[in-house]
1. Which members of segment A:117-153 meet the condition of being outside any helix (DSSP H, G or I), within 14 Å of another protein chain (Cβ to nearest Cβ) and not acidic (Asp, Glu)?
2. Let me spell it out: the conditions are (1) assigned to a helix (DSSP H, G or I); (2) more than 10 Å from chain A (Cβ to nearest Cβ); (3) open to solvent by less than 10 Å² (accessible area, probe 1.4 Å), and B:Asp190 meets all of them except one. Which number is the exception?
3. Every residue in segment A:271-321 that is closer than 22 Å to A:Met155 by Cα and of a type in the set (Lys, Arg), please.
4. Are any residues in segment A:403-412 modelled with pLDDT of 85 or more, polar (S, T, N, Q) and closer than 20 Å to A:Phe161 by Cβ, and if so, which ones?
5. For segment B:144-169: of the residues being farther than 21 Å from B:Pro67 by Cβ and in contact (Cβ under 8 Å) with a residue 40 or more places away in the chain, which is nearest to the other protein chains (Cβ to nearest Cβ)?
6. For segment B:124-167, enumerate the residues that are in a loop (DSSP other than H, G, I, E, B) and over 16 Å from B:Val59 (Cα atoms).
7. State whether one or more residues within segment B:216-231 are modelled with pLDDT of 85 or more, surrounded by fewer than 19 Cβ atoms within 10 Å (Cβ to Cβ) and either away from chain A (no Cβ under 13 Å) or in a helix (DSSP H, G or I) (or both).
8. For B:Arg124, work out the one condition from (1) closer than 24 Å to A:Met310 by Cβ; (2) open to solvent by 30 Å² or more (accessible area, probe 1.4 Å); (3) under 24 Å from the mean Cα position of the chain (by Cα) it doesn't fulfil.
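The values are calculated or read from the model by the stated rules, or taken from the named source; none is laboratory data. The structure displayed is predicted, hence computed values, not measured ones. Cβ placement follows ideal geometry from the backbone for every residue including glycine, while neighbour counts extend to all protein chains displayed. For the accessible areas, the whole protein counts, side chains as well, though only heavy atoms, and no ligand, DNA or RNA atoms are used. Shrake-Rupley method; radii C 1.70, N 1.55, O 1.52, S 1.80 Å.
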Amino acid sequence: MKAAQTPHKKEVPCVFGRPPQLPITKIIRLSAALLARHRRCSTPTAALSLPPRVCSLRPESLSCRLSTIYSWHFTGKTKLCSVDAAMATTKPRLSSFSRNLSAVSSSQTPGVKCGPNGTMFVSSGIADLDKILGGGFPLGSLVMVMEDAEAPHHMLLLRNFMSQGLVHGQPLLYASPSKDPRGFLGTLPSPASLKHDKSRDRESEQEKGLRIAWQYKKYMGENQPNFDSHRDNKQDYCNEFDLRKPLERHYFTRQRVNCVGIQDSKNLAALQEHCASFLAQHQRNDGSCALAGRIAIQSLCAPQCEHSNMDWEMLSFIKSLKGMVRSSNAVVVITFPPSLLSLSSTKRWQHMADTLLSVAAIPDEDKELAKLLSGYQDMVGLLNVHKVARLNTQVPLILEATTFSIKLQKRRFLVLECLNQAPVDGSSGSSYGTSGSCSGSSKAGTLDF
Amino acid sequence: MADTICRTLRDGGLEGEHAPALTIKDSKASPFGFDVFNYVLTQLSNHILAGKSQSRGLVVVAYSRSPSFYVDLLKRRGIDIASSHDWIHILDCYTDPLGWKNRLIDKDISQEASSLSSFCQDVRNLDKLYSLIIEQGKGLIGQGKDRFSIAIDLVSEMVRHASISSVAGILSNLRSHDQVSSIFWLLHSDLHEIKFTSVLEYLSSMVASVEPFNQAAFGQRVDLENLSMLEQNFRKGKFHVRFKRRNGRVRVMCEEILVELAGIKFTPVLSEDEIINQRLLPKVQFNLQLSEEERNERAKVVLPFEHQGNGKPIQIYDGRRSLGENKEEALVSTGKLQPDEDSGKGQIIYFRDSDDEMPDSDEDPDDDLDI
């Protein structure tokens with residue numbers, strides 16, 4: 001096994017030529033050690049090339065494993081090229097020292113993205129939410145959304161989630177307590193026209209060019225930080241939805257969408273049957289996933305359902321659903337109004353969730369809140385992230401902010417923004433201490449939800 | 001503000017939307033809920049008669065008062081009863097809700113009321129009740145796309161005979177029926193568990209609660225000191241309303257109630273401090289985003305070292321040059337993002353303290369700043 005010496009700066013260190021008897025695990029370990037050395041030097045690039053024998057084995061699993069072990073990403077696609085070509089493809093690519101979660105786009109299925117620790121993500125339909133959650137909803141997880149009895153914002157989340165699945169051709173099971181669940185499909189939003197997407201692209205590109213006031217240029221020559229844009233993949237993964245344009249009918253054919261009404265049934269056995277048969281079609285076998293599935297259950301403990309006062313039944317339903325979805329390539333989103341459950345039940349349901357979100361209404365024409373927050377006029381509601389699913393890892397995701405405002409841009413597009421304090425009006429005479437939210441406002445109130 | 005409620009009920013719901021639903025709740029401390037209910041009822045009747053409302057008929061489901069009471073009420077308020085066959089109907093769940101009388105003797109009911117009302121003899125069967133209500137409503141408005149409103153006297157009575165989920169079921173079905181324009185009901189909140197009250201609040205789009213005028217005075221012994229306060233509670237009250245608006249926000253309003261013989265009067269609240277708002281104070285951050293103006297200003301700032309790497313020889317300013325040379329070179333502007341008249345460049349005029357120091361000395365890192 002020959003590893004080239006760490007050359008000076010611009011050249012690319014590579015591993016090449018190995019006897020075919022070496023097992024893959026050894027390659028991985030060696031490359032891990034090599035990368036560990038390269039972390040200390042200034043150009044962290046490595047080209048890993050293997051003889052064709054190895055390439056005949058499943059390259060996706062190898063690259064997946066490589067990317068999960070150490071989360072420095074290989075920019076772009078991992079090129080498994082032959083030895084001869086290795087030296088020719090020495091293109092100095094400065095990979096940024098960033099944990100980029102879209103490590104390897106090895107799965108060719110649109111709408112599914114590989115993440116760290118062997119997880120695969122599907123988009124929630126809202127780009128901001130995907131970013132906050134670190135990639136999207138992981139396959140095999142249970143997402144619960146706590147509704148606010150006073151505002152229908154959970155429907156916005158559900159609509160985007162369902163539309164995203166339909167646009168990607170992912171089968172959908174939708175359960176709702178209304179008499180005509182199929183009618184809800186008529187309110188799903190359609191992906192926005194391309195014009196809007198492009199303008200957002202340009203904006204984010206402009207921000208990427210950093211101006212750095214430091215004397216690095218004389219040392220680095222023309223090496224400029226080059227941000228690879230995964231934008232071609234990104235557009236497919238998460239669409240921008242226009243809430244005013246309904247989704248075209250051909251998306252919800254019978255094969256793809258199954259609607260279940262839960263109001264009239266005596267208990268949850270029928271719903272459980274439906275979910276079990278749906279998830280059985282999306283069993284997770286070893287290897288890449290064929291097609292991801294989505295289940296959306298709206299208002300599970302709605303008062304008009306007969307099972308709404310059977311606390312333990314509902315809890316055991318959720319538990320069995322969670323077990324079933326763990327071993328399948330699907331995501332389940334359940335919304336429920338916690339004000340209709342007892343406190344202990346609410347706590348139990350919250351513990352069941354892998355990802356826990358809650359929506360809240362905001363008071364209208366509230367002068368205090370308008371003074372406190374900037375952009376109050378456009379806000380429709382608030383979104384809280386309580387828990388983020390972390391499968392296959394012990395490391396939690398610690399968010400900088402857990403409360404976001406839900407806004408509708410141009411009354412069409414859903415965006416989530418961090419809450420920003422409005423600029424303090426100096427003329428009002430209030431000092432820093434009393435007007436800041438951290439110290440609490442003059443009215444007594446709870447500081448968090 | 002009670003007018004706002006009546007206006008919302010009058011306007012009804014849009015196509016494809018659930019009908020607006022109002023919950024009026026009161027308690028022992030301030031038992032004026034029924035007066036509020038009567039007020040809303042008469043207002044809606046007036047609107048229907050005048051033709052201003054979306055609904056063209058009204059079905060009253062009477063649990064706690066007999067139909068003749070409602071007839072008298074409408075007469076007292078000056079509403080024409082003679083022509084009322086075509087716009088109001090009263091479902092009598094008060095006289096014989098459980099069907100104990102096998103044959104009905106209509107001696108008790110006055111002539112007018114019997115033509116306006118029909119009996120419901122089994123309130124335990126809510127499906128039957130639902131179809132009865134719809135049938136009566138359709139009978140009022142005839143064929144076509146018109147709608148009717150529903151008033152339910154006392155939901156607390158409904159839940160005596162049926163389970164919470166079935167009551168919730170019938171209410172949500174009524175709300176989502178195409179031909180129902182608006183619906184409102186009364187509830188005594190201290191007769192139930194909190195769960196039932198929250199279920200009804202979940203189902204309704206407006207929640208109006210009647211509260212005692214002097215909160216502290218309720219439940220205390222009658223003393224000379226608080227006698228006046230207690231007396232106030234007998235006639236006055238507070239009226240809180242929470243609206244769920246279409247844009248997802250909640251509007252909270254407050255008024256005062258004065259109950260008199262003629263009816264009930266709503267007056268706007270005098271002092272704003274009394275409004276109790278649930279304050280949700282989230283953790284806010286400082287705004288790190290820049291507005292367009294600020295962005296432009298930032299782009300204009302000349303940073304040190306920016307011109308390096310362009311191929312020109314690198315010179316490091318050491319602060320030793322005389323004033324004459326200083327003025328020719330661009331100097332660092334201060335970090336302020338304020339619009340400047342002369343092309344946005346600020347100036348720092350720096351005089352070195354002494355000439356003895358070497359350039360690039362460690363003591364003064366500012367020497368390295370190269371513009």
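1. Scanning segment A:117-153 gives A:Met146, A:Ala149, A:Ala151, A:Pro152.
2. (3)
3. A:Arg294
4. Within segment A:403-412, A:Ser405 is the sole residue that qualifies.
5. B:Gly169
6. B:Arg124, B:Asn125, B:Gln143, B:Gly144, B:Lys145, B:Ala162, B:Ser163
7. no
8. The failed condition is (3).
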